[in-house]
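The values are calculated or read from the model by the stated rules, or taken from the named source; none is laboratory data. Just so it is clear, the model here is predicted, and its values are computed rather than measured. As a convention, Cβ positions derive from the backbone with ideal geometry for all residues, glycine included, and neighbour counts pool all protein chains shown.
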Amino acid sequence: MSEREMGPLVSIVVPIFNVEPYLRDCVDSLISQTYRNIEVILVDDGSTDGCPTICDEYAGAYRFVSVIHKLNGGLSDARNCGLEKARGEFITFVDSDDWIAPGMIERCLDLIQKFSADVCGVSFMKAYPDGRLEQNETAIREPECYERVSALSRYLFNSNLTVCVCGKLWRKRLWDEVRCPKGLLHEDQHTTYRLIDNADYVVFDPEPLYYYRQREGSIGHSSFSARSYDLLDGIDVQYEYISKKYPEIKGEISAACSFWYCVFTNMMLRAKYRDPIAQKRCQSFVRQHLNAIFQTPNLSNTRVAQLCLFALNMRLYSKVYLLFIVRRGRR
């Protein structure tokens, strides 16, 4: 067995629920990894389509693939179930309608070793139904390593580490006292900051090695509902936790949370959902932190302009944003 194969065991957890058309693409990308010392844990979360059969097929064909069939408990519960079974020194999560590049695990391990890091996050590629691929925007051109506080000041910006649990290789011990919150819709907002706060060093690779499928019906693209307020709660909790524990980066966190309050409002606008109180609270927060928004290097000029319009003229912002959405849908 080669030295590469004798490296640390990496656990790959895939929570699965009714994604039959996409599941093979996902699992095929995992069994094709250039790094071979892996275990793939497929967690069938009570699927009612052909997913259970597909999972059993892969588990029967590959010794490093196992499957857990369980009653439906939601994404967080499925992740936690896989986490409990994982034996690896490192762990990553891949949503079952997404896929990863063949060299992602090997690349992340190499960077973790190079920088003596506990986490490696990669950029992602958006994959649209018409076959288009669009890389997530980032101004970073080479891998960068951040100590804990610096990582926390960056991760909420989508152009950097991002808030997603997926697209990252974690040292498993970071999860010793952390679990995904069962029953919440935007679970990553309640989880990632705690994991990064457990790490000493975090490395970010701008190479897009995680492919994020853009489709209607996925959690990231579901319509607005009462459960969408889980996102707002998550933003509040993160801001309170980080700004109190690390007041030296309060400005960066204020700017990052301003971006996410804008995201939450955008979700309401797209769904034509009215909540003037929540909308006013989000706008007020952004208005109060415009200085921080102007000073952060982690927002593009376009994002800064967007947040300024959001803070100062909500009526005009709503019209411009909805027009943007219509035009983007025509592309």
Identify, from the list D233, D275, D200, the residue that is touching an Asp or Glu at 6+ places or on another chain (Cβ under 8 Å) and either aliphatic (A, V, I, L, M) or more than 22 Å from L299 (Cα to Cα) (or both).
D200
Count, please, the residues in the range 50-77 that happen to be under 17 Å from S29 (Cα atoms) and of a type in the set (V, I, T).
3
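Residues checked against (1) surrounded by 14 or more Cβ atoms within 10 Å (Cβ to Cβ); (2) over 13 Å from G82 (Cβ atoms):
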| position | (1), (2) |
| --- | --- |
| I12 | yes, no |
| L23 | yes, yes |
| Q33 | yes, yes |
| L42 | yes, no |
| T48 | no, yes |
| E57 | yes, yes |
| H69 | yes, no |
Under 30 Å from K280 (Cα atoms), among the aliphatic types (A, V, I, L, M), at pLDDT 90 or above and in contact with a helix residue (DSSP H, G or I) (Cβ under 8 Å, 6 or more places away or on another chain): is that true of L185 in this structure?
no
Yes/no for Y317 being over 26 Å from the mean Cα position of the chain (by Cα), not in a loop (DSSP other than H, G, I, E, B) and not polar (S, T, N, Q):
yes
Only one of these conditions is not met by W260: (1) surrounded by fewer than 18 Cβ atoms within 10 Å (Cβ to Cβ); (2) under 23 Å from Y317 (Cβ atoms). Which number is it?
(1)
Can you name every residue in the range 254-292 that is aromatic (F, W, Y), in a helix (DSSP H, G or I) and under 22 Å from L323 (Cβ atoms)?
F259, Y261, F264
Quick check on the range 144-166: of everything there that is part of a loop (DSSP other than H, G, I, E, B) and among the aromatic types (F, W, Y), which residue is nearest to I91 (Cα to Cα)?
Y155
When L152 is evaluated against the numbered criteria (1) in contact with a Cys (Cβ under 6 Å, 6 or more places away or on another chain); (2) under 13 Å from F204 (Cα atoms), which criterion, by number, is the only one it fails?
(1)
Residue list for the range 172-204, filter: over 17 Å from S76 (Cα atoms) and surrounded by fewer than 21 Cβ atoms within 10 Å (Cβ to Cβ):
R173, D197, N198, A199, D200, Y201
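Quick grid of which residues meet (1) modelled with pLDDT of 95 or more; (2) in the same structural domain as N301 (by TED's automatic domain parsing):
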| site | (1), (2) |
| --- | --- |
| P208 | yes, no |
| A226 | no, no |
| I235 | yes, no |
| Y239 | yes, no |
| E248 | yes, yes |
| S258 | yes, yes |
| R274 | no, yes |
| I277 | yes, yes |
| R281 | yes, yes |
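Here is a yes/no grid of residues against (1) in contact (Cβ under 8 Å) with a residue 12 or more places away in the chain; (2) closer than 24 Å to A255 by Cβ; (3) within 13 Å of the chain's Cα centre (by Cα):
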position: L156; (1), (2), (3): yes, yes, yes
position: L161; (1), (2), (3): yes, yes, yes
position: V165; (1), (2), (3): yes, yes, yes
position: L174; (1), (2), (3): yes, no, no
position: C180; (1), (2), (3): yes, no, yes
position: L184; (1), (2), (3): yes, no, no
position: D197; (1), (2), (3): yes, yes, no
position: D200; (1), (2), (3): yes, no, no
position: S228; (1), (2), (3): yes, yes, no
